[in-house]
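Presented below is the structure to which this report refers.
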Amino acid sequence: MNRAPPIPLSFRLVSKNVPAFNLDMIISRLALVAALLSATAVVAKDSDSKKHPAAGAPGFETIFDGKDLSKIETKGNWEIQDDGSLHLTPREGEKGWKRYSSYLWLKDDYENFTFDFEFKYTKGGNSGLYFRCADNIDPTASGFEVQILDSFGVEKELGHHDMGGVIKTQGALKNASIAPGEWNQMTVTMKGDQLTVVLNGHLIQDFNLREKKPKDLKLAKTGKICIQDHGLPFTVRNIRVKKL
């Protein structure tokens, strides 16, 4: 039986004006294209932390859906409203921020994550989003806080105690506050030591937390997430988190 001759690695098309193609060269170029596509995917993935996730984005766990508080622990006076939001009305005598058991605590621990939620406050409102808390005893001592404060209309350079500042670390890159009584959206992403915060569509934090944090504060590898009860009316909704 006659056997077909082996296919050469190099071949020439019929037209004399078309150059010869080498199989090794083709494979090399395909590998380069694959590497470029992979790098593009990495850039796109990193850019995801610099914007709000879309509604229904994959991978997110709903923490509060307007009906169920089973994924939250708190002793504060947070009450589900008819519109599906969760409103804090401090009880008589409940003032300040040192009643840590009244915070809204997620039950799980988180290392790398994206936390997304909406909130609103009254004029002069104050709260905060804590993360990488080593325990649920005192988040101010064992975790880090992204400040939530009525900074609407503030024109000066923002400090770490203004809206979007990371307490004891640095102020927000810009003032993305909107008027009291309006819904805000905040997305906080922690990946390794890199922290990004997006507020109302604006990137307001993007830095290495381990490098910029105060030397006397430890950055836990994993920890709790909670929302502060500052003894002032405060409302949240659409709380969700994604482990990265």
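Scanning segment 191-239 for residues that are surrounded by fewer than 19 Cβ atoms within 10 Å (Cβ to Cβ) and either outside the structural domain of LYS98 (by TED's automatic domain parsing) or among the acidic types (Asp, Glu) (or both) returns ASP193, ASP206, GLU211, ASP216.
Tallying residues that are in contact with a helix residue (DSSP H, G or I) (Cβ under 6 Å, 6 or more places away or on another chain) and among the hydroxyl-bearing types (Ser, Thr, Tyr) within segment 161-193 yields 1. Pairs meeting the criteria (first residue in segment 144-166 and closer than 15 Å to LEU203 by Cα, second residue acidic (Asp, Glu) and part of a loop (DSSP other than H, G, I, E, B), beta carbons under 9 Å, at least 6 apart or on different chains) are GLN147/ASP162; MET163/ASP150. If you go through segment 142-168 and keep only what is touching a Cys at 6+ places or on another chain (Cβ under 9 Å) and small (Gly, Ala, Ser), you end up with SER142, GLY143. If we scan segment 67-83, do we find a residue that is surrounded by 13 or more Cβ atoms within 10 Å (Cβ to Cβ), modelled with pLDDT of 95 or more and small (Gly, Ala, Ser)? Yes, some residue in segment 67-83 is surrounded by 13 or more Cβ atoms within 10 Å (Cβ to Cβ), modelled with pLDDT of 95 or more and small (Gly, Ala, Ser). Scanning segment 174-209 for residues that are assigned to a loop (DSSP other than H, G, I, E, B) and in contact with a Leu (Cβ under 7 Å, 6 or more places away or on another chain) returns ASN175, ALA176, ASP193.
The values are calculated or read from the model by the stated rules, or taken from the named source; none is laboratory data. Values in this document were obtained by computation on a predicted structure and should not be read as measured data. Positions of Cβ are backbone-derived with ideal geometry, glycine not excepted, and every protein chain shown enters the neighbour counts.
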